[in-house]
Amino acid sequence: MTAVSGQRPTAADPAVAGQAAEDLRALFWQSIAVFASLRGPAHLVETANPAFFSAIGEERARTGVAIAELMPELAGQGFITLLDQVYRTGEPYTGRDVRVVLGAGPHAREAFFDFTYEPRRDADGAVTGIRVIGVETTQVKHAQRLMAEHRALLEQIARQAPLTEVLDGMARCIENLAPQEILVSVLLADSDGRHLRHGAAPSLPDFYNEAIDGIATGEGVGSCGTAAHRREPVVVTDIATDPFWDDFRDLAGRAGLAACWSTPILARDGGLLGTFAMYHRTPRVPQDTDLALARVFAGTAALAIERHHIEQGKLAAEARAKAAHDELTKAVRAERELRAEAEQRAAAAAELAAQMRAAAAAQAAAPHPEHCQLGGVQGCTAPAEIKIADSWGDSAWGCSVHVEEAILNVRSVFIASEALGGLAAYLNR
């Protein structure tokens, strides 16, 4: 990169050195590729382009300091060791999709880079420093992982997997995608939209899930209750000081929670379906990628919950239709049984009427009282026509109406006529 017209540049040639610096500035100053030139075994940052400082944080945009001082988080990740190796051996090093955590505390973020450590040499070929050239691939890497996980969740929803399975899988997926430890919670809105019920929270302690199950929606009711009430995201970066958590601060402390970002889950018509929350163990400010992730999965959760509601409504309708069908079947069966019973009674009544007519005709010549004896205390003035008896040997004469009534209502009564098979049938039973 410093060769000019085939000549080997020398450290004593300021024109060449100046031209090389200008060439590098032209190449990298406006580039999205990160570039930094490090000098000496301490890897002092001699120069760096805006993309480099944008990647590590604009608040650290300074030169003339060792890279380990400017970015102390690199030491524990092996990058300073790699720089020492390149400086010592003079052999360049190239990494692909290398993960690095930039920054510390609540502002730390995960990033991925394709990069090269290229040794800088003087006129005698001795290594004097290292050029760092790289391209950040974080968005591509996250997008690939996100798309794969999102596709799997959509497939679950498409095959109508149980809602609890989808939400639990989604929570675990996000927890795995996040660069730092997060704990995901999904709360489901009651039908009245005034309370939130436990949906999924695989990494939160049971006592915490039980405590917030059924919380009301409203202003100042933690992150989730407020997000549900406002129908907009609520970001609490420090639970210990935020007034929204006054009533839940002790509970959060017992669960080891320090930050909570909550996003409402809304139906297509704007109705409240629930909330999607990301908890953190330390106070944290969300990055744009965090908020984008929350929006994506809140939308996915909305799809799953709406699909669940549709299926539940369909099942309920089918259950009601089946119940109505069963009731109709019972009514039809009862009507048929009543009709058959009525027909049997009609046939029995016709048979009894015929027997009574025959008995009246057969007994007409037999001596008998003039009036019916079966009229009770009120008496009956109708002519006596038929003699009946019971199993104890008592007998009486009555009119056709009272005789039929006695035969139907008193089991042991029958027409007292051997010719008709009455008493004879009873005696020979």
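Cβ-Cβ distances below 8 Å connect the following pairs, each with a first residue in segment 351-372 that is within 14 Å of Ser400 (Cα to Cα), a second residue that is of a type in the set (S, T, N, Q) and open to solvent by 60 Å² or more (accessible area, probe 1.4 Å), and a separation of six or more residues or different chains: His371/Thr381; Cys372/Thr381. Can you say whether Arg284 is more than 17 Å from Phe297 (Cβ to Cβ) and open to solvent by 70 Å² or more (accessible area, probe 1.4 Å), as far as the supplied structure shows? Criteria not met by Arg284. When segment 164-213 is filtered for residues that are among the polar types (S, T, N, Q) and either touching a residue at least 40 places away in the same chain (Cβ under 8 Å) or at positive phi (or both), the ones remaining, listed by number, are Gln180, Ser185.
Within the option set Phe207, Phe297, being part of a helix (DSSP H, G or I) and open to solvent by less than 20 Å² (accessible area, probe 1.4 Å) holds for one residue only, Phe297. Among all positions in segment 210-219, there is at least one residue which is under 21 Å from Ile265 (Cβ atoms), open to solvent by 50 Å² or more (accessible area, probe 1.4 Å) and more than 21 Å from the chain's Cα centre (by Cα).
Residue count for segment 259-277 satisfying the condition of being open to solvent by less than 20 Å² (accessible area, probe 1.4 Å) and out of contact with any strand residue (DSSP E or B) (no Cβ under 6 Å at 6 or more places or on another chain): 0. Could you please let me know if Leu146 is crowded, with 18+ Cβ neighbours inside 10 Å, closer than 30 Å to Ser54 by Cβ and modelled with pLDDT under 80? Spelling it out, Leu146 is indeed crowded, with 18+ Cβ neighbours inside 10 Å, closer than 30 Å to Ser54 by Cβ and modelled with pLDDT under 80. Out of Glu232, Glu219, one residue alone is among the charged types (D, E, K, R), in contact with a helix residue (DSSP H, G or I) (Cβ under 7 Å, 6 or more places away or on another chain), without any contact (Cβ under 8 Å) to a residue 60 or more places away in the chain and in a loop (DSSP other than H, G, I, E, B). It is Glu219.
One line per residue, one yes/no per condition, for (1) of a type in the set (Phe, Trp, Tyr); (2) in a strand (DSSP E or B); (3) more than 29 Å from Leu74 (Cβ to Cβ):
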position	(1), (2), (3)
Phe115	yes, yes, no
Ile130	no, yes, no
Gln139	no, no, no
Arg145	no, no, no
Gln160	no, no, yes
Arg172	no, no, yes
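Among the residues of segment 358-372, the one identified as in contact with a helix residue (DSSP H, G or I) (Cβ under 8 Å, 6 or more places away or on another chain) and open to solvent by 60 Å² or more (accessible area, probe 1.4 Å) is Ala362. Considering only segment 104-117, state which residues are free of Cβ contacts under 8 Å to residues at least 60 places away in the same chain and open to solvent by less than 20 Å² (accessible area, probe 1.4 Å). Passing the criteria: Ala111, Phe112, Tyr117. Pairs meeting the criteria (first residue in segment 295-318 and farther than 15 Å from Gly271 by Cβ, second residue open to solvent by 90 Å² or more (accessible area, probe 1.4 Å), beta carbons under 7 Å, at least 6 apart or on different chains) are Glu311/Gln160. On the basis of being at pLDDT below 90 and among the charged types (D, E, K, R), does Arg249 make the cut? In short, no.
Quick check, is Arg88 of a type in the set (Lys, Arg), open to solvent by 60 Å² or more (accessible area, probe 1.4 Å) and out of contact with any Asp or Glu (no Cβ under 8 Å at 6 or more places or on another chain)? Yes: the conditions hold for Arg88.
The values are calculated or read from the model by the stated rules, or taken from the named source; none is laboratory data. Predicted model only: the values in this text are computed from it and were never measured. Cβ atoms come from the backbone with ideal geometry, glycine included; neighbour counts cover every protein chain shown. When the accessible area is computed, the model is the full protein with side chains, heavy atoms only, and any ligands, DNA or RNA have been set aside. Shrake-Rupley method; radii C 1.70, N 1.55, O 1.52, S 1.80 Å.
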